[in-house]
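So the structure is just underneath, and the comments pick up after that.
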Amino acid sequence: MSWTRNVRQVVPYVAGEQPKETDVVKLNTNENPYPPAPGVRRALEHLADNSERLRLYPDPDATVLVKALSDVYDVPENMIFVGVGSDDVLSMSFLTFFNSGKPVLFPDVTYSFYDVWANLYRIPYEMIPLSADWKIRKEDYIGKTNGGIIFPNPNAPTGIALDTGDIEAIVRANPDSVVIVDEAYVDFGAVSAHPLIRKYENVLIVQTFSKSRSMAGMRIGYAFGSPRLIGFLKDCKFSFNSYTLNWPSILCGKASLENRPYFADCVGKIVTQREFFAKQLRQEGWEVLPSKANFLFVRYPGISGEYLFNELRRRKIFVRHWNKPRIEDYLRITVGRPEDMNKLHEALKKILAEIRERA
Ligand SMILES: *Cc1c(COP(=O)(O)O)cnc(C)c1O
């Protein structure tokens, strides 16, 4: 007998390492290598000049940020929800929408936070295996009893995207549950399913400022859905914590949204770099999954992923690796600046050459 029996005990999500040294090539957490839009800096300067304002609570509805999202995405304000990064939006969505006792479905290889939230909230879940070529098969999510469905599009860590037609088929076939599409990486070349929110009441589209908008440190996420769906989400949020987004986040988020050319330019540079690097690796014998995200999921046939990960780390190059079935020989590499990718490329060539010498 002990008090610990009454504690909600969970195994937490493990985020990619944030190294203390500054001389590393950091390609492990899918951050954007380019700075946020210049207007974000001006918003921060404005905040510095008006720090007196911090006496007051922030606007619990983050009105100016929601308005800016509404303008950019042409979605009415009552169909928008905002939170402290999409992790906050997603965890609140698990709490709100997955409340049936039936299993929530998500892929076996996917964002490793989903099973953590399911365990935290005591939601039953079932992991649906991806196909042998790492795809989400819409058939697997149709005609199956469930208490909800969630998947990223493009999926992580594979980078493979699903088209809106397949997503629509899943949403249409599951009118009794909420389908959440986690679009953390959608801006890097996939197609957003957000038009579906006007046609289906049960679909929630979640996006973030952390990847394509270079603002992981600011923590801003948002979701689009039917007014009823967003209403339920807000009721839970306002029963949990009213003041989620702080004043700096609200103003910096708005400033970022206002500069569309800068956003397009940064995303374009990453997409170009991704395709260039993927082609280089494939020519040298690597298996590279076709990515629509700001990362590549790669493997060198016959060489252990853990070995490559450790050799890179020794050279102060950080990528992501999971000791999990099916994916233990893969590395997930964030697409960085050209100079970062060159350093990585040179290191990989050296590591492979050393292996060949020893053989
Ligand atoms: C990065 C990521 C998120 C969370 O991002 P936030 O920084 O919390 O906005 C959510 N889903 C996936 C699949 C991600 O890769």
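For the range 1-152, the calculated P(r) over all alpha carbon pairs, in 5 Å bins from 0 to the bin holding the longest distance, is 2, 6, 10, 12, 14, 16, 16, 12, 7, 4, 2, 0 percent.
List the aspartates and glutamates whose alpha-carbon lies under 17 Å from that of Lys199, not counting same-chain residues fewer than 8 positions away? Candidates past the 8-residue exclusion: Asp74, Glu77, Asp163, Asp166, Glu168, Asp176. With a cut-off of 13 Å between beta carbons, the residues surrounding Pro154 carry a summed charge of 0, where Lys and Arg count +1 and Asp and Glu -1.
What is the local net charge at Pro195, summed over the other residues whose Cβ is closer than 13 Å to its Cβ (Lys, Arg +1; Asp, Glu -1)?
Charge balance near Pro195 sits at -2.
Farthest toward the positive end of the dipole of the chain, out of Met92, Leu196, Asn28, is the Cα of Asn28, where the dipole comes from beta carbon charges about the Cα centre. Assuming R0 = 51 Å, what is the FRET efficiency of Ile355 and Trp3, from their Cβ-Cβ distance, to the nearest 0.05? E between Ile355 and Trp3, to the nearest 0.05, is 0.45. In order along the range 285-299, the Karplus-derived 3J(HN,Hα) couplings, from 6.51 cos²θ - 1.76 cosθ + 1.60 at θ = phi - 60°, round to x, 7, 8, 10, 5, x, 9, 10, 10, 9, 8, 10, 10, 9, 8 Hz, and Gly and Pro are given as x.
With Cα atoms defining each centre, the range 56-128 and the range 152-224 are spaced 11 Å apart in the structure. Give the Debye-formula value of log10 I(q)/I(0) at each listed q (0.19, 0.20, 0.25, 0.27 Å⁻¹), with one equal scatterer per alpha carbon of the range 54-114, two decimals each. Log10 of I(q)/I(0), two decimals: -0.89, -0.93, -1.09, -1.15. Contact order for the chain, expressed relative to its length and based on alpha carbon pairs under 8 Å spaced 6+ residues apart, stands at 23 percent.
Each 5 Å bin from zero holds the following percent of Cα-Cα pairs in the range 1-83: 3, 9, 10, 11, 13, 15, 16, 11, 6, 4, 2, 0.
For Lys279, the aspartates and glutamates whose Cα falls under 14 Å of its own Cα, not counting residues fewer than eight places away in the same chain, are Glu287.
For Trp117, what charge total do you get from the other residues with a beta carbon under 12 Å from its beta carbon, if Lys and Arg give +1 and Asp and Glu give -1? Display every interim value, and only then the final one.
Numbers: positive: Arg122; negative: Asp87, Asp88, Asp115, Asp182.
With Lys, Arg at +1 and Asp, Glu at -1, the net is -3.
In the structure shown, the pairs Lys211/Lys269; Lys269/Lys316; Lys20/Lys316; Lys20/Lys349 are assessed against 19 Å; a Cα-Cα span above that value is assigned to Lys269/Lys316; Lys20/Lys349. Looking at the chain alone, DSSP beta bridges between its own residues are antiparallel in about 50 percent of cases.
Report the rotationally averaged projected area of the range 227-296 based on its alpha-carbon convex hull, in square nanometres. Each step should come with its number before you reach the end.
Working: hull surface 31.2 nm².
That works out to 7.8 nm², a quarter of the Cα hull's surface.
Our coupling estimate for the range 247-260, obtained by passing each phi through the Karplus curve with A = 6.51, B = -1.76, C = 1.60 and θ = phi - 60°, is 4, x, 4, 4, 6, 5, x, 4, 4, 5, 5, 6, 10, 6 Hz, Gly and Pro reported as x.
Does the range 125-231 come out rounded, prolate or oblate, given a ≥ b ≥ c as the square roots of the eigenvalues of its C-alpha gyration tensor, rounded meaning a/c under 1.5 and, failing that, prolate meaning a/b above b/c? Can you show the working numbers first?
Working: a/c = 1.83, a/b = 1.19, b/c = 1.54.
Judged from the Cα gyration tensor, the range 125-231 comes out oblate (a/c at least 1.5, b/c at or above a/b).
A viscosity of 1.306 mPa s and a temperature of 10 °C, combined with the Kirkwood radius over Cα pairs in Stokes-Einstein, give a translational diffusion coefficient for the range 192-346 of 86 µm²/s. Shape class of the range 22-63 from the Cα gyration tensor (axes a ≥ b ≥ c, square roots of the eigenvalues): prolate, since a/c reaches 1.5 or more and a/b is larger than b/c.
Close amide H contacts of Val104 (hydrogens built in the peptide plane, cut-off under 5 Å, sequence separation of 5 or more or a different chain): Tyr125, Glu126, Gly147. Computed over Cα pairs, the Kirkwood radius of the chain leads via Stokes-Einstein (1.002 mPa s, 20 °C) to a diffusion coefficient of 99 µm² per second. Computed over the chain with a Gaussian network model linking Cα atoms closer than 10 Å, the most mobile of Met127, Met215, Met79 is Met127.
Can you spot the lysines whose alpha carbon is less than 21 Å from Lys102's alpha carbon? Ignore those fewer than 8 places along the same chain. Partners within reach: Lys138, Lys144. Evaluating 6.51 cos²θ - 1.76 cosθ + 1.60 at θ = phi - 60° for every residue in the range 22-35, the Karplus couplings come out as 9, 9, 9, 8, 9, 10, 10, 10, 6, 6, 8, x, 9, x Hz, glycine and proline recorded as x.
Ordering Phe81, Leu105, Ala169 by Cα displacement along the dipole of the range 71-173 toward the positive end leaves Leu105 in first place; charges were set at the Cβ atoms of Lys, Arg (+1) and Asp, Glu (-1).
Going by a ≥ b ≥ c, the root eigenvalues of the Cα gyration tensor, does the range 75-173 fall in the rounded group (a/c under 1.5), the prolate group (a/b larger than b/c) or the oblate group? Write down the numbers at each step before the final one.
On the way: a/c = 1.39, a/b = 1.20, b/c = 1.16.
Cα axes put the range 75-173 in the rounded bin.
Quick note: the coordinates plus some simple rules give every number you see, no bench work behind them. As the structure is a prediction and not an experimental result, all values here were calculated from the model. Glycine also receives a Cβ, built like all others from the backbone with ideal geometry; neighbour counts cover every protein chain displayed.
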